[in-house]
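Input: a single structure, listed below in structure tokens.
The values are calculated or read from the model by the stated rules, or taken from the named source; none is laboratory data. In this text the structure is predicted, and so the values were computed from the model without any measurement. No Cβ is skipped: glycine too gets one built from the backbone with ideal geometry, and neighbour counts run over all protein chains shown. Calculation scope for accessible area: heavy atoms of the full protein, side chains included, ligands and nucleic acids excluded. Shrake-Rupley method; radii C 1.70, N 1.55, O 1.52, S 1.80 Å.
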Amino acid sequence: MITEKERQNMMRFLIKYFGVDPKQLVNISDCMLETTYDFAYRRTEMECDF
């Protein structure tokens, strides 16, 4: 279970760096949000390595 602050931070990251529509994140489960965030963060890190 993630805290509300962690959830907000993940949502801000996805909106800012990947242009995700905030409406799509309103009803997303914690598990799906964490999975999406992890994927997006790893992708950002990978791009930085190049």
Along the Cα→Cβ direction, 7 angstrom out, place labels at GLU4 and MET46. What is the inter-label distance in nm? 3.5 nm
Does anything in the range 26-43 have its amide N under 18 Å from the 7 Å Cα→Cβ label point of TYR17, and if so which residues? 32-43
Tilt of helix 4-18 relative to the longest C-alpha principal axis of the chain, in degrees (0 to 90, nearest 10)? 40 degrees
Given a 1.4 Å probe and heavy atoms of the protein chains only, how would you sort MET10, MET1, largest accessible area at the top? MET1, MET10
Rounded to the nearest 10 Å², the accessible area of CYS48 at probe 1.4 Å: 100 Å²
Just one of (i) -1.08; (ii) -0.87; (iii) -0.97 is log10 I(q)/I(0) by the Debye sum over Cα atoms at q = 0.27 Å⁻¹ as worked out from the coordinates here. Which one is it? (i)
